[in-house]
Amino acid sequence: MNIIPEITRESITHLINDEKRGDRRDLSQYRDIQIETDVISKAEGSSRVKLGDTQVIVGVKPSIGTPFSDTPNVGVLMTNAEVLPMADPNFEPGPPNEDSVELARVVDRVIRESEMVDLEKLSIVNGEKVWMIFIDLHVIDYDGNLFDAATLAVASALLNTKLPKITITNDKINIDNESKEDLILKNKVSMSTFVKIGNKMVLDPSLEEEDILDARLSIGVTEAGEICTMQKGGEKPLLKEDIIESVKIAISKSKELIKKYDEIS
Amino acid sequence: MFIITSNDYIREDGRSFDQLRSLKIKSGVLKRADGSAYLEVGGNKILASVYGPRESFIRRLLKPNTGVIRCRYNMAPFSVDDRKRPGPDRRSTEISKITADALRPALLLEDYPMSMIDVSIEIIEAEGGTRCAGITAAAVALADAGIPMRDIVVGCAAGKVDGEIVLDLSEKEDKDGQSDVPIAILPRTNEVTLLQSDGKLTEEEFTKAIDLAIKGCHEISKIQKDALTAKMRDNS
């Protein structure tokens, strides 16, 4: 049992009920967002994102493999999340726990369902060879709201990904590592996470807010303003009004977030 | 409160847009478990069992100020077309977690410090919508175990198929459809305890889907209660 959150619960809840937060933000205001790409030269795509003091690094590595039998002409996308013990004093090494599995699956879904990556363009030899894109997400500093930070990082890394050029001569696949082309993308996506504390929905929770949350709601929004993913978490229920209000805010915030991708130099 | 416009769209399996698949629930189907339920909806066959509240030998999971609920969602290898490798994978780990989150608000866990409730959901055969059906079955098993609850949680999904918002997607509709919104609620208050969404929806379509899913939950809720009273009748 964690004692500190039990002690701070009342004061944080009081603040939020007065529409104030410990770090002086508005209830629907993000912390400072910094995105850097091309941070790992050995990876075909990479990024480092800071959301407040939360920090994640993403590397994208492609390899050539066989497609799944039910989708023979479609590339493969795999997302894995490692929540490193360095990121928080309570994180343990070992196989992924259910929180990091949830993180990986939600980020995987938001990228997949937004159809950001044009998977059909990743087919190399129909039914036999496709590009497999491995997205590895490392959480190195945990100060709340991993979902949004991870989505920003994965999307930025994909925008930065370059695949080696492929030519096929006499049924042989030649990989030309010298000339690279951009990974073909057809959409952009962002995620906005809210937590319910008291009677309010609060955007971009800090760690101390996450520690005392009643419920959590993450909403993925595409460039066109469509909802493509949603995930509720937390021990308490949400009202329908909470959900609808958050959806509206998420749709308007996504414009702000997606603009960040264009600002990456 | 439901703004559901009428619609004469007929789905591939002959259902109307707001029609559930045929649903059967039986409670108290296992002898050893403290509570149990069996549920069939469409081609799904699902068993749920409950043990507890009890002391667990995994001491580190227990909490001094509250009880804990632990869920295990598991698919049998023979439940799907291509044999599923036994054991937990990422999907079942996630579903186990959100199932516990979905059921927890109904329980009075603060009354059971240092104890654990174990819920186990076994998908014997899968045909779309297993996470909601698993939650629905598990809630019946919790009631069957005689565990005091604020409400009986119930789950149901709505989604978008061929551009139409429809209730309770079948496996085929889930595969061919554009999106899926599984939810679970506490039916007395309509509070939402599980919410996921997969696939593109506009804000308006999402609102429609959640209203439709809540309506479906209320229909299933009646069948859950019938299953519980039927067992009482049989025993008397």
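Each value in this text was obtained by applying a stated rule to the coordinates, not by laboratory testing. Remember, predicted model here, so these are calculated numbers, not experimental data. Methodologically, a virtual Cβ is constructed for each residue, glycine included, from the backbone with ideal geometry; neighbour enumeration extends over all protein chains shown.
Give the angle, between 0 and 90 degrees and rounded to the nearest 10, that separates the Cα long axis of helix B:90-103 from the longest principal axis of the Cα atoms of chain B. For B:90-103 against chain B, the angle is about 80 degrees. With no solvent and one equal point scatterer per Cα, compute the Debye intensity ratio I(q)/I(0) for segment B:77-183 at 0.15, 0.16, 0.23 Å⁻¹ and report its log10, rounded to two decimals. Debye output, listed in q order: -0.73, -0.81, -1.29.
What the Cα atoms of segment A:3-263 give is an Rg and a Dmax of 19.6, 71 Å.
Taking label points 7 Å from Cα along the Cα-to-Cβ direction, A:Arg9 and B:Asn7 give a separation of 4.1 nm.
Peptide B:197-209 has a mean shielding of 6, counted as Cβ atoms of other protein chains within 10 Å of each residue's Cβ.
Run through every distinct alpha carbon pair of segment B:170-236 and return the Kirkwood hydrodynamic radius in angstroms, one decimal place. The answer is 13.8 Å.
Relative to the Cα centre, what is the charge dipole magnitude of segment A:125-260, using +1 at the beta carbon of each Lys and Arg, -1 at the beta carbon of each Asp and Glu, and rounding to the nearest 20 debye? Intermediate results must be reported in sequence, preceding the final value.
Values: 18 positive and 23 negative charges, 110 e Å.
For segment A:125-260, the charge dipole is close to 520 debye.
Per-residue mean of foreign Cβ neighbours for A:237-248 is 5 (Cβ atoms of other chains, 10 Å radius).
Projected onto its three principal axes, the C-alpha set of the protein assembly as shown covers 80, 56, 49 Å, listed from the longest axis down.
Two decimals is fine: what's Rg over Rh for chain B, C-alpha atoms, Kirkwood radius as Rh? Kindly include the intermediate steps, with their values, before the conclusion.
Numbers: Rg = 17.6 Å, Rh = 18.1 Å.
That ratio equals 0.97.
Multiplying the residue separation of A:Ile168 and A:Asp211 by 0.36 nm and subtracting their alpha-carbon distance yields 10.1 nm. At an R0 of 22 angstrom, the distance between the Cβ atoms of A:Lys121 and A:Ile264 translates into a FRET efficiency of 0.45. Once the Cα atoms are used to define both axes, helix B:130-144 deviates from the longest principal axis of chain B by about 40 degrees.
Tilt of helix A:146-159 relative to the longest C-alpha principal axis of chain A, in degrees (0 to 90, nearest 10)? Once rounded, the angle reads 30 degrees. Given their separation in residues at 0.36 nm each and the Cα-Cα distance between them, B:Glu164 and B:His218 gain 17.3 nm when the chain is fully extended.
Our summary gives chain A a relative contact order of 20 percent, counting only alpha carbon pairs under 8 angstrom and 6 or more residues apart.
Run the dipole for the protein assembly as shown about the Cα centre, Lys and Arg Cβ at +1, Asp and Glu Cβ at -1, nothing else charged, and hand back the magnitude in debye, nearest 20.
Computed charge dipole of the protein assembly as shown: roughly 1120 debye.
Farthest towards the positive end of the charge dipole of the protein assembly as shown, among the residues A:Ser156, B:Val50, A:Thr54, is the Cα of B:Val50, using unit charges on the Cβ of Lys, Arg, Asp and Glu. Note on B:Thr189/B:Asp81: beta-carbon distance plugged into 1/(1 + (r/R0)^6) with R0 of 35 Å gives a FRET efficiency of 0.35. The Cα-based radius of gyration and maximum Cα-Cα distance (Dmax) for segment A:83-133 are 16.1, 48 Å.
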